Amino acid sequence: MSWFNYYGLIAVAIILVPNILSAIVDKSAFENKYKGSLLILEQIGRYGCMVFMVFNIPLTYFNFWFNNALLVYLTVNGILLVLYLLGWVVFGKGRSAIKMLTLSIIPTALFLFSAVMLLSIPLVIFSVIFGIGHITISYKNIEQ
């Protein structure tokens, strides 16, 4: 894979589409009840993941490390993306605990899996930051 990851761009776009549509339909859909410094870390992780899913910076990623890794990468990411989209459809509107956690755990898993498959150091770092922030904030929003 070269410096530009077309598959990563498609994955990020698929994750963004239901979020954008939801924000257009329901302006309060993404209201954060949780207020704290973790919000900043979540955003840093989110944008870092989006950037490093698409751009492979030389000397910070080592590409696929076993035979047929691209096939595994595409298959697992495809399954995670289908599950993510199904989460939006099945859980519909509302802020149920299962919906919020599903829609925060699946993208975290996708970013982290992609990072491991590509051996991308920045993507590993941003995936962990994003996962800690996003899942924690989703959980905190359920509590409040």
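The values are calculated or read from the model by the stated rules, or taken from the named source; none is laboratory data. It should be emphasised that the depicted structure is a prediction, and the values quoted were computed from it without experimental measurement. FYI the Cβ positions are ideal-geometry reconstructions off the backbone, even for glycines, and counts take in every protein chain you see. Accessible surface areas use protein heavy atoms only, side chains included; no ligands, DNA or RNA. Shrake-Rupley method; radii C 1.70, N 1.55, O 1.52, S 1.80 Å.
Computed with a 1.4 Å probe over protein heavy atoms only, the accessible surface of the chain comes to 56 Å² per residue. For S120, nonlocal amide neighbours, meaning residues 5 or more places apart or on other chains whose placed amide H falls under 5 Å from its own, are F62. Among G92, I129, A69, whose Cα lies farthest out toward the positive end of the dipole of the chain, if unit charges sit on the beta carbon of Lys, Arg (+1) and Asp, Glu (-1)? Among G92, I129, A69, the one farthest towards the positive end of the dipole of the chain is G92.
Rounded to a whole number, what is D in µm²/s for segment 71-116 from Stokes-Einstein with the Kirkwood radius over alpha-carbon pairs (37 °C, 0.692 mPa s)?
Numbers: Rh = 11.0 Å.
In µm²/s, the coefficient rounds to 299.
How many percent of the accessible area of the chain is carbon or sulfur, using a 1.4 Å probe? Before the final figure, lay out the partial values.
Working: 6090 of 8020 Å².
Heavy-atom surface of the chain belonging to carbon and sulfur, 1.4 Å probe: 76 percent.
The order of the peptides 95-106, 45-56 by mean Cβ neighbours within 10 Å, most packed first, is 45-56, 95-106. Binning the C-alpha pair distances of the chain at 5 Å intervals from 0 yields a P(r) profile of 2, 10, 19, 22, 20, 13, 8, 4, 1, 0 %, listed from the shortest bin outward.
How much length is gained on full extension from F113 to I142, taking 0.36 nm per residue of separation minus their Cα-Cα distance? Write down the numbers at each step before the final one.
On the way: separation 29, 0.36 × 29 = 10.44 nm, distance 2.61 nm.
Answer, rounded to one decimal: 7.8 nm.
Annotation: amide H-H contacts under 5 Å for F55 (H modelled 1.01 Å from N, sequence separation of 5 or more, or interchain): N5. In a Debye calculation with equal point scatterers on the alpha-carbon sites of segment 1-84 and no solvent, what is log10 I(q)/I(0) at q = 0.10 Å⁻¹? Log10 of I(q)/I(0), two decimals: -0.35.
Rounded to whole numbers, the Karplus 3J(HN,Hα) couplings from phi for segment 63-74 are 6, 5, 10, 8, 4, 6, 5, 4, 4, 5, 4, 5 Hz, using 6.51 cos²θ - 1.76 cosθ + 1.60 with θ = phi - 60°, and x at Gly and Pro.
When only DSSP loop residues count, what chymotrypsin sites (Phe, Trp or Tyr not before Pro) in segment 111-143 have their Cβ near at most 13 other Cβ atoms within 10 Å?
Details: sites: F111, F113, F126, F130, Y139; in loops: none.
Here no loop site has a sparse enough neighbourhood.
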